[in-house]
Amino acid sequence: MSVNSMATEDVYSLLNVLHSQATGHSGVVATNLEDFVSMANETLQAGTDTVYNALMQNIGRTIFSSRPYRAKFDGIQADAMRWGGITRKISIADKVIGAENAYHPVDGTSVDQWTINKNDVIETRYYGTDVYQDWFTTFEDQLINAFASPENLGSFVALQTQEMSNKWEQYREELIRSNLVNFIAAKNSLNNGVVHLLTEYNTLTGLSLTSTTVWQPGNVEPFFRWVRSRINTLARRMAERSSEYQVQLTGHALSRHTPIEDQMIYLQADCLDMIDAMVNTVTYHDEPLAYADVEGVTYWQGITSPMEINATAIYLKGDGTLDTTAAQNLSSVFGVMFDRDALAYNIKDYILRSTPLNARGLYWNTFLTVNIQLMQDLTEKGIILLLD
């Protein structure tokens, strides 16, 4: 079912469900306009207040699942089992191994097999949520007129939900986007896992490319073929168990690894478009220049400056406390790679509720309340790719 254009058969289906909820029994199966109007009249006899609230509940369950605008970054959404409530993350840091006693026995001594060697356990906790709420008003005469025909009901539902649902989705997207920006800013401030692609390439080749000259026809293809190989190299290194590309807690040798299937890669979409046009279209090999499991990001923070971020981030210090960075102003963010457990969000509540009919004004208000929980863990592996 689409919010933009509800087909007649979909409206019939909606009205059947609505009628059953509003009246407590199955109604006439609508097959033509005459039956539709008859069923609509029977439904409205249950009371407009009851009908309206049942309609809003049905919209919440049915239509919101296929609304026209869908928030980005679905790849980092976590369910309540993985991330919800107060989440405790238990990690075990590496300790130096002791001397062996099997191959170098000493006369007159015994080997104690009961010597205690406790794990170096680290516990971190993540909690707190963000809540946003919005509402719209519906007048009783709008509802009554909507039941005059399938077309009117379809238009009514579309009018009631489309703009608000688009806005609600965008709220969610921007909260998630800000979480990603915070991750990039924090990593850059700590100079942890920051890769300067142009600098590395110029050092390797002896060239002096800039973020402007790299897009010249003679430069773009070899450079981004090298970038692909560099990302593959970084992905393989993230899969090794080590302390690279992650924040270390003071006094703990924390080693992690991120298998390829658990790596998230987001690259700037404008760059991907230019790579596709300027590199892939002139490539005659079996495989075009591509990246595995990549999602394009139209902009990191502001749509007018797609590759720029300017943010003050919160981050985890080595002693386990939180602090804020200085302002991080980056103009050439090409991409970010991270462990799926380094960045996540969970929608805890998505509640649609309507008020009773206002007897004096003959209208209802419908409220949507969303409770979202955001998480990032800098002790997991993450890499920032800068085009500088």
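The values are calculated or read from the model by the stated rules, or taken from the named source; none is laboratory data. Since the structure is predicted, the reported quantities are computational estimates derived from the model, not experimental observations. In this analysis, Cβ positions are derived from the backbone assuming ideal geometry, glycine residues included, and neighbour counts consider all displayed protein chains.
Taking interchain pairs and intrachain pairs at least six residues apart, which have beta carbon atoms under 7 angstrom, with the first residue in segment 241-269 and within 27 Å of THR321 (Cβ to Cβ) and among the hydrophobic types (A, V, I, L, M, F, W, C) and the second assigned to a helix (DSSP H, G or I) and at pLDDT 90 or above?
From segment 241-269, the pairs are VAL247/LEU190.
The rows are residues; the columns are (1) modelled with pLDDT under 90; (2) closer than 30 Å to LEU254 by Cα.
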| site | (1), (2) |
| --- | --- |
| LEU316 | yes, yes |
| VAL333 | no, yes |
| ALA342 | yes, yes |
| LEU352 | yes, no |
| PRO356 | yes, no |
| LEU374 | yes, yes |
| LEU387 | no, yes |
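For segment 48-65, check the following and say yes or no: at least one residue is farther than 28 Å from LEU362 by Cβ and either surrounded by fewer than 15 Cβ atoms within 10 Å (Cβ to Cβ) or at pLDDT below 75 (or both).
yes
Counting just the residues of segment 317-340 that are out of contact with any Asp or Glu (no Cβ under 7 Å at 6 or more places or on another chain) and among the charged types (D, E, K, R), which one comes out nearest to SER211 (Cα to Cα)?
ASP323
Does GLY206 qualify as being closer than 19 Å to THR366 by Cβ and of a type outside the set (Phe, Trp, Tyr)?
No.
Just checking, how many residues over segment 344-388 are within 30 Å of THR203 (Cβ to Cβ) and in a strand (DSSP E or B)?
The qualifying residues number 5.
Would you be able to tell me the number of residues in segment 132-172 that are of a type outside the set (S, T, N, Q), part of a helix (DSSP H, G or I), surrounded by fewer than 16 Cβ atoms within 10 Å (Cβ to Cβ) and modelled with pLDDT of 80 or more?
Selection size over segment 132-172: 2.
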